[in-house]
Amino acid sequence: MQCPYCNGESTVTETRPTADAEGGHAMRRRRHCTVCKRRFTTYERLGAPALKVTKRDGTSEPFDGDKLLRALKRVCAHRPGLRDDDLRRLARDIEATLVDDVLGAGRKSVAWSDIARLVLRRLANVDPVAAQRLAVNYTDESGDVRFEAGAPAATTQLGLPLPPAEGDPET
Ligand SMILES: [Zn+2]
């Protein structure tokens, strides 16, 4: 994005999820002009096509924050202390991190398994039990976390049954 003062190139120094005027999903970005060194803030509605997710079969789709949120809700169902608001914040925080890390690194797509690993790390900080549930139910034979559709291999390991899927997170 061009600097509003000198039209020079700017770099993003921080991205935070926020809500736009209509309560929609947006990103607040701190930017730093590489030419005149001024700092400024932008508010951008996150263009869904900006970030793509690579699926296991090699195809890709636009990143869908709602899909991530639905998957989180499924994994965290019946966990006390994790309200919908907390999960929404978590999902947006993860999205902001992905946007910074992936797009910031000049890449355009990320694999679901990478998203899953990120989710696992974040979740472990707020609810280790839910994180364990995710790890157990979504880790495949190769040790990869699969935070995507497809029936989790075993849904009753460790006595942590998953509730029935409502929306397939990977359709
Ligand atoms: Zn400038």
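Any read-out appearing in this document is the output of simple, stated calculations on the displayed coordinates, not a laboratory observation. Every value quoted in this text rests on a predicted model; they were computed, and no experiment measured them. Cβ coordinates were reconstructed from backbone atoms using ideal geometry, including for glycine residues, and neighbour counts include every protein chain displayed.
By the rule of a C-alpha distance below 18 Å, with chain neighbours fewer than 8 residues away ignored, the lysines paired with K55 are K67, K108. Packing around the peptides 92-104, 58-70, taken as the average count of other Cβ atoms within 10 Å per residue, puts them in this order, highest first: 92-104, 58-70.
Estimated at 0.36 nm per residue, the fully extended path between R38 and T13 surpasses their Cα-Cα distance by 7.8 nm.
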